[in-house]
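Quick notes on the structure that follows.
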Amino acid sequence: MADPGPPPNAAEIMESVNDALQGLELEPHETSDILGFANQELPHLHTPEDSYFILGSYRDPYLRRLRIVQNELDKRLGTYPFLMGDLPELDLDRLPVFRIRFTLLATHADTIVAVYEQDAGGEVTELGKISTTPYFDKSYVLPRDYTWMTEQHLDTEADVIAAAATIYFNDDLDDAAIEDEIDSLTTAATKNNIDLTAAAVIDRLADREDSEHAPVSYSWVHLNEFRLFELHDRCFAWSTPDGLRDSVDEVP
């Protein structure tokens, strides 16, 4: 098969790669391989379809949630949701290829959707990238069990479940204390027209998978980044797989 040659926007592509690598001088074969990757993958992002770049952990069970997001977005007409892990690698041992692939895909995708369930891993780096220009305006975050740190912040069902999880999985509380605390929480939530009983909340938390028992404890840095997205109406919290599906529905 004949070499397709460099993409028509090769100069623009290499300029973004140059920025990602802080001006590092590339060897000719490295430039060729990068442009080859761009030739193969970027045309999928330049079609009438809406492209969604899905970020998050590829470890099990977290990958299952990324597939939920991908499947939900794929149900929409004219969409192309994808994970970086499903695309070809760049075999360039000398270079930080994650930075290159991320930059190319994030720059050319229409929308970025990031799922968070833990306070560690490569997702921390991704969060730092999408919370700044030029990616912020097209990015949405879906953090599990996230709620901002005020008692009054019980605006959604996910807020209530997240707050209840910190009570339910607190080893210092006995069953009676847990029920009392969650009952108080759901009573407060009714003031925001959230119709949840304490029994229903406890049932949901009891049904969690073993790997999901403890509520997610995010760092102060995570919470601040999530709050920034929330203030821009681009943070949708969830606590269960069905809740995640509902959160995906909020993404344009």
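Computed from the coordinates by the stated procedures, all read-outs in this text should not be read as laboratory data. Just so we're clear, the structure is a prediction, and the values are computed from it rather than from any experiment. Glycine gets a Cβ as well: all are built from the backbone with ideal geometry, and neighbour counts include every protein chain shown.
Tabulated data
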read-out: Sum of -39500 (n - 2.57) over DSSP H runs of 4+, divided by residues of the chain (222 nm, nearest 500); value: -14500 deg cm²/dmol
read-out: Under 5 Å, built H, 5+ apart or other chain: amide partners of residue 80; value: 50, 51, 52
read-out: Mean separation of Cα contacts under 8 Å (6+ apart) over length of the chain, as relative contact order %; value: 20
read-out: Relative contact order computed over region 1-118 (Cα-Cα under 8 Å; 6+ residues apart), in percent; value: 35
read-out: Given charges at Cβ of Lys, Arg, Asp, Glu: the chain dipole, positive-most of 11, 128, 77; value: 11
read-out: Cα gyration tensor shape for the chain, rounded if a/c is under 1.5, else prolate or oblate; value: prolate
read-out: Test item: Cα-centred dipole of the chain, Lys/Arg +1 and Asp/Glu -1 on Cβ, debye; value: 680
read-out: Distant-in-sequence amide H partners of residue 115 (H built 1.01 Å from N, under 5 Å); value: 55, 56, 142
read-out: Candidate lysines - alpha carbon under 29 Å from residue 138, same-chain residues fewer than 8 apart omitted; value: 75, 129
read-out: Region 157-212, relative contact order in percent, only Cα pairs under 8 angstrom and at least six apart counted; value: 37
read-out: Karplus-derived 3J(HN,Hα), 6.51/-1.76/1.60, for each residue of region 167-173, Hz, glycine and proline x; value: 7, 4, 9, 7, 5, 7, 10
read-out: Where labels lie 7 Å past Cα in the beta-carbon direction, separation of residue 31 and residue 166 in nm; value: 5.3
read-out: Simple Cβ-charge dipole of region 157-212, Lys/Arg +1 and Asp/Glu -1, about Cα centre, in debye nearest 20; value: 340
